Amino acid sequence: MHSFHYINSVLHCEGVDLESLSQEVGTPAYVYSARTIRDHFRALQKALGSLPHRLCYAVKANSNLAILRLLKEEGAGFDIVSGGELFKVLKAGGSAGQCTFAGVGKMPHEIEYALGEGVYSFNVESEGELDLINAIAGRLGCKAPIALRVNPDVDTPTHHYISTGRHKNKFGIGLDRAESLYERAASLPHLKIRGIQTHIGSQILRAAPFLEAIEKLTPLVQRIQARYALEFFSIGGGLGIVYQGALASGDAAWWAQESRGEKLSAHDYARHILKPLEQLNLPIFLEPGRFLVGNAGVLLTKVLYRKETPEKNFLIVDAGMNDLIRPALYQGHHDLEPLVAPDDRPLEKIDVVGPVCESGDFFAQDRRLPRMEEGEHLAVMSAGAYGLVMASNYNARPLPPEILVNGSTASLVRRRQSWENLVREEI
């Protein structure tokens, strides 16, 4: 479900012609659909129905201030993993009191900053972190609100880099140790037990792992609730999106790939988890990130060169792995769509690669695509999550701009970085 579609063979984001936009702002450039983000947020809200809940957007997925402001206006809370993300939430008009602070390596100055701003809760991931938060809160003369992140040892069908719910992962506290650590937290004078949290991974497209985690944690939640009057149970995020074949509809279907990605809708996700959660009689927090913004963004790029060799044919484009690292890091699939797609284009098998000096700098390998020529533009689809937030200046390449589309209006929400910006902090 997104707002990218072809009109008269030209790709649009909502009411904006992306071919014209690419010529106006240049490439590479990120473009986001405000309507898609709102639609996904509202669909998940609706699917959860009357269950007492709060959706805390996972800021790490895309931390552009305009997107944070949009979600704040929709009523979202925020899941943050650094002091910098809290700073950005506050700059976007959000409140620390609507933030849960996760992450295995919170630093003392971040903890102090979050306490000073009134963060709703820290998701604690180790005994050492518990002691540090207690000490800092004592020095500041306050009580720090905490929840323990409990690791339920649930296997997830996702990339091993983004699986977080197994005992072998660095995240959370083992289910066998959680109760004793809650007892320790209750004995520390500067802590307030506020909830319990879990998160089993990202880009999960089956409901079964979520349900398994909830069922494994339910007895613990009930015991902790009886002893410490919990205010919430957070089941984390992880709901995945369609990366493959997401645009295969209407007049784009003529060349779309035969294979399709799995899909788990907000309705189907909620249908599987609602019953056990309703029985807990406790407010439920969810931390969606990719689900809200992933299919809401594209990376626009231009074909620089065609290169043909006896072994392979290449399209060399002006976007690179420094702009979008998912294909290189996670072997992630992204559909590629020509911005202008007339019906008579022949298909060809080709690699789409960037200009960065790495063989891992590619967006597609041996992909069947409509033939494209030098100077034409294409969109790297489903690039709204873990795109610019994971970008770098590798090869001294400036970061691309970001544009937010709302209806027929395209607004620049981050300027293109200049060469001067590359050296501004250097001495």
Inside segment 24-38, can you point out the residues that are touching a strand residue (DSSP E or B) at 6+ places or on another chain (Cβ under 9 Å) and without any contact (Cβ under 8 Å) to a residue 40 or more places away in the chain?
E24
Quick one: what pairs do we get from segment 282-305, first residue in a strand (DSSP E or B), second of a type in the set (K, R) and at pLDDT 95 or above, C-beta under 9 Å, 6+ apart or different chains?
I284/R54; F285/R54; L286/R54
Restricting segment 1-22 to residues that are free of Cβ contacts under 8 Å to residues at least 40 places away in the same chain and outside any loop (DSSP other than H, G, I, E, B), which is surrounded by the fewest Cβ atoms within 10 Å (Cβ to Cβ)?
I7
For the condition in contact with a strand residue (DSSP E or B) (Cβ under 8 Å, 6 or more places away or on another chain), modelled with pLDDT under 95, in the same structural domain as Y386 (by TED's automatic domain parsing) and within 22 Å of V31 (Cβ to Cβ), what is the one hit in P370, P355?
P370
Which residues, taken from segment 168-207, are part of a strand (DSSP E or B), farther than 30 Å from R290 by Cα and either free of Cβ contacts under 8 Å to residues at least 40 places away in the same chain or aliphatic (A, V, I, L, M) (or both)?
L191
Quick check: is even one residue across segment 258-275 over 19 Å from Q45 (Cα atoms), in contact with a Lys or Arg (Cβ under 8 Å, 6 or more places away or on another chain), modelled with pLDDT under 95 and assigned to a loop (DSSP other than H, G, I, E, B)?
yes
Condition (residue is part of a helix (DSSP H, G or I), among the hydrophobic types (A, V, I, L, M, F, W, C) and closer than 30 Å to Q279 by Cβ) applied to segment 31-40: is it met by at least one residue?
no
Can you run down the residue pairs with Cβ atoms below 9 Å, 6 or more apart or on separate chains, where the first is in segment 87-114 and in contact (Cβ under 8 Å) with a residue 40 or more places away in the chain and the partner is part of a helix (DSSP H, G or I) and among the small types (G, A, S)?
C99/A114
Hey, A379 assigned to a loop (DSSP other than H, G, I, E, B), at pLDDT 95 or above and touching a Phe, Trp or Tyr at 6+ places or on another chain (Cβ under 9 Å) or not
no
Would you mention how many residues in segment 41-66 are under 23 Å from I235 (Cβ atoms) and not in a strand (DSSP E or B)?
17
Of the residues in segment 23-36 that are within 22 Å of Y243 (Cα to Cα) and of a type in the set (A, V, I, L, M), the one that is surrounded by the fewest Cβ atoms within 10 Å (Cβ to Cβ) is A34
Pick from S50, S20, S95: which is modelled with pLDDT under 95 and out of contact with any strand residue (DSSP E or B) (no Cβ under 6 Å at 6 or more places or on another chain)?
S50
Give me the pairs: first residue in segment 409-423 and in contact (Cβ under 8 Å) with a residue 60 or more places away in the chain, second residue not in a strand (DSSP E or B), beta-carbon distance under 6 Å, and six or more apart or on different chains, which are they?
A410/L21; V413/N64; V413/A66; R414/P401; R416/P401
Looking only at segment 4-49, how many residues end up being in contact with a Ser or Thr (Cβ under 6 Å, 6 or more places away or on another chain) and among the polar types (S, T, N, Q)?
3
Filter result for the condition that a residue is assigned by TED's automatic domain parsing to the domain that holds P219 and at pLDDT below 90, over L247, L239:
L247
Please work out if V405 is under 30 Å from G240 (Cβ atoms), in contact (Cβ under 8 Å) with a residue 24 or more places away in the chain, part of a strand (DSSP E or B) and in contact with a Cys (Cβ under 6 Å, 6 or more places away or on another chain).
yes
Please give the number of the condition P342 fails out of (1) farther than 30 Å from A102 by Cα; (2) part of a loop (DSSP other than H, G, I, E, B); (3) touching a Pro at 6+ places or on another chain (Cβ under 7 Å).
(3)
Restricting segment 341-393 to residues that are among the acidic types (D, E) and closer than 16 Å to S9 by Cβ, the residue that is surrounded by the fewest Cβ atoms within 10 Å (Cβ to Cβ):
D344
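The values are calculated or read from the model by the stated rules, or taken from the named source; none is laboratory data. A quick note: this is a predicted structure, and the numbers were derived from the prediction, not measured. As a convention, Cβ positions derive from the backbone with ideal geometry for all residues, glycine included, and neighbour counts pool all protein chains shown.
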